[in-house]
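The values are calculated or read from the model by the stated rules, or taken from the named source; none is laboratory data. Source: prediction; values computed, not measured. Methodologically, a virtual Cβ is constructed for each residue, glycine included, from the backbone with ideal geometry; neighbour enumeration extends over all protein chains shown.
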């Protein structure tokens, strides 16, 4: 499982010109599920994400978590995070999990983020063509993998 985490001032995702998820201050997270990923992987990464300290404290030091600042999450499924371009110019997605299992872990991950103390967790629509917009804060981008 792989997360691309962007600290944002706000973010939203639209499907067919309708907003399906939006947040203010928090993280916009792209989540990729690879073959063999488990609920234990999701548990670990949800806990790490919710405790990741990349918000600034009163001294300007990255020392606060998303929970400390009452931040919000927008989590978007992104199988292309497992696109392999080692051979040729067209990505291969053979490492990405099958859609049904990937969606199950995606939904499970979002619930785990709520259990780990995030009050607002928004999402895109799994498998849909989505328009994502955000205002980066920093920018500050972190990649986590398990």
### Task
Could you list all residues from region 56-75 that are surrounded by fewer than 21 Cβ atoms within 10 Å (Cβ to Cβ) and out of contact with any helix residue (DSSP H, G or I) (no Cβ under 7 Å at 6 or more places or on another chain)?
56, 57, 58, 59, 60, 61, 62, 63, 64, 68, 69, 70
### Task
Take region 135-146 and flag every residue that is over 13 Å from the mean Cα position of the chain (by Cα) and part of a strand (DSSP E or B).
135, 136, 137, 138, 139, 140
### Query
Any chance region 99-117 includes a residue that's modelled with pLDDT of 95 or more, within 13 Å of the chain's Cα centre (by Cα) and under 15 Å from residue 26 (Cβ atoms)?
yes
### Query
With 15, 20 as the choices, which residue is out of contact with any helix residue (DSSP H, G or I) (no Cβ under 8 Å at 6 or more places or on another chain) and farther than 24 Å from residue 137 by Cβ?
15
### Query
Would you pick out the residues in region 17-35 that are out of contact with any strand residue (DSSP E or B) (no Cβ under 7 Å at 6 or more places or on another chain) and outside any loop (DSSP other than H, G, I, E, B)?
18
### Flag for residue 105 being in contact with a helix residue (DSSP H, G or I) (Cβ under 7 Å, 6 or more places away or on another chain) and farther than 20 Å from residue 18 by Cβ
yes
### Query
Among the residues of region 36-46, is there at least one that is buried (at least 16 other Cβ atoms within 10 Å of the Cβ), in contact with a strand residue (DSSP E or B) (Cβ under 9 Å, 6 or more places away or on another chain), part of a strand (DSSP E or B) and touching a residue at least 24 places away in the same chain (Cβ under 8 Å)?
no
### Members of region 118-146 that are touching a helix residue (DSSP H, G or I) at 6+ places or on another chain (Cβ under 7 Å) and surrounded by 14 or more Cβ atoms within 10 Å (Cβ to Cβ)
118, 121, 123, 126, 144, 146
### Message
What's the total number of residues in region 63-101 that are free of Cβ contacts under 8 Å to residues at least 60 places away in the same chain and in a strand (DSSP E or B)?
### Response
9
